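Encoded as structure tokens, the structure appears first; notes follow it.
The values are calculated or read from the model by the stated rules, or taken from the named source; none is laboratory data. Since this is a predicted model, take the numbers as computed values, not measurements. Glycine also receives a Cβ, built like all others from the backbone with ideal geometry; neighbour counts cover every protein chain displayed.
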Amino acid sequence: MTDAAHTLFAGVGSPNGDDQIGWRVVELLQPRIEAIDGLAARKAVVPLDLLDWLEDVQTLHIVDACLSEAPTGSVDALVADRQESGRDTIDGLLSRLAQLGTSGSHDFGLAEALHLAARLDRLPERVVIHAVATRQFEPAAPMSDELIRLLPEITESLFRELTNARSLARAVAAEPG
């Protein structure tokens, strides 16, 4: 990640079934993201990897699988923004994240890694977690056919959300007053 990367898009995953979704989204987004100044994408093998990447990051987007009863491939966005009223606080975000069951295949989960980042005062001003509803986390299993089929749609939706949010932030920053 370069010094100019103020937004990080991280995919958390493992080689276990649908838990690969974070990695696969980053693999598809990375070529498009690298062409955008101030934006970087990384694949995290464990959620603790995030702690090494947070310097100079103002906005952190994370995509991760969650075991959910929601339709496979649906994405629940959890947002914590310390400067915007009406958004979740970090504690609220972590509580909702724990309820969703993300990073179930990791010994040290995403909620714990973000809590540690907050305690170390490394958490960015804005954190957006894109929790993708999945079904299976069998060790060394491939991703489910249904999630593979939905992968391009999920990726495109996340790319649009990411670039629209950045465009809006630049427009607001450019307004006088």
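For the range 150-157, the criterion of being assigned to a helix (DSSP H, G or I), loosely packed, with under 13 Cβ neighbours inside 10 Å and modelled with pLDDT under 90 is satisfied by no residue at all.
With the structure loaded, tell me whether VAL26 is at pLDDT 95 or above and in contact with a Lys or Arg (Cβ under 6 Å, 6 or more places away or on another chain) or whether it fails that test. For VAL26, the condition - at pLDDT 95 or above and in contact with a Lys or Arg (Cβ under 6 Å, 6 or more places away or on another chain) - is met.
Kindly indicate whether any position in the range 47-56 is assigned to a loop (DSSP other than H, G, I, E, B), under 16 Å from HIS115 (Cα atoms), modelled with pLDDT of 95 or more and not β-branched (Val, Ile, Thr). There is at least one residue in the range 47-56 that is assigned to a loop (DSSP other than H, G, I, E, B), under 16 Å from HIS115 (Cα atoms), modelled with pLDDT of 95 or more and not β-branched (Val, Ile, Thr).
Screening ARG42, ARG32 for residues that are closer than 25 Å to LEU147 by Cβ, modelled with pLDDT of 95 or more and not β-branched (Val, Ile, Thr) leaves exactly one candidate, ARG42.
Conditions tested, residue by residue: (1) within 20 Å of ALA141 (Cβ to Cβ); (2) basic (Lys, Arg).
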position: LEU8; (1), (2): no, no
position: GLY11; (1), (2): yes, no
position: ILE21; (1), (2): yes, no
position: VAL25; (1), (2): yes, no
position: GLN30; (1), (2): no, no
position: ALA35; (1), (2): no, no
position: ALA40; (1), (2): no, no
position: LYS43; (1), (2): yes, yes
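Among the residues of the range 138-160, those identified as touching a strand residue (DSSP E or B) at 6+ places or on another chain (Cβ under 8 Å) and either without any contact (Cβ under 8 Å) to a residue 40 or more places away in the chain or under 13 Å from VAL25 (Cα atoms) (or both) are LEU147, ILE154, SER157, LEU158. Give the residues of the range 29-59 that are in contact (Cβ under 8 Å) with a residue 40 or more places away in the chain, among the aliphatic types (A, V, I, L, M) and closer than 16 Å to VAL127 by Cβ, sorted by residue number. Once the filter is applied, which keeps residues that are in contact (Cβ under 8 Å) with a residue 40 or more places away in the chain, among the aliphatic types (A, V, I, L, M) and closer than 16 Å to VAL127 by Cβ, the range 29-59 yields LEU39, LEU48, LEU50, LEU51, LEU54, VAL57. Every condition in (1) in contact with a Leu (Cβ under 9 Å, 6 or more places away or on another chain); (2) more than 20 Å from LEU114 (Cβ to Cβ); (3) at pLDDT below 95 holds for ASP18 except the one numbered (3). Determine whether the range 58-67 contains at least one residue that is more than 13 Å from GLY11 (Cβ to Cβ), aliphatic (A, V, I, L, M) and at pLDDT 90 or above. Taking every residue of the range 58-67 in turn, none turns out to be more than 13 Å from GLY11 (Cβ to Cβ), aliphatic (A, V, I, L, M) and at pLDDT 90 or above. Looking for something closer than 14 Å to GLY109 by Cβ and small (Gly, Ala, Ser) - is there at least one such residue anywhere in the range 29-36? Looking through the range 29-36, none of the residues is closer than 14 Å to GLY109 by Cβ and small (Gly, Ala, Ser). Of all residues in the range 60-73, none that is at negative phi has its Cβ atom under 6 Å from the Cβ atom of a residue that is aliphatic (A, V, I, L, M) and in a loop (DSSP other than H, G, I, E, B), 6 or more apart or on another chain.
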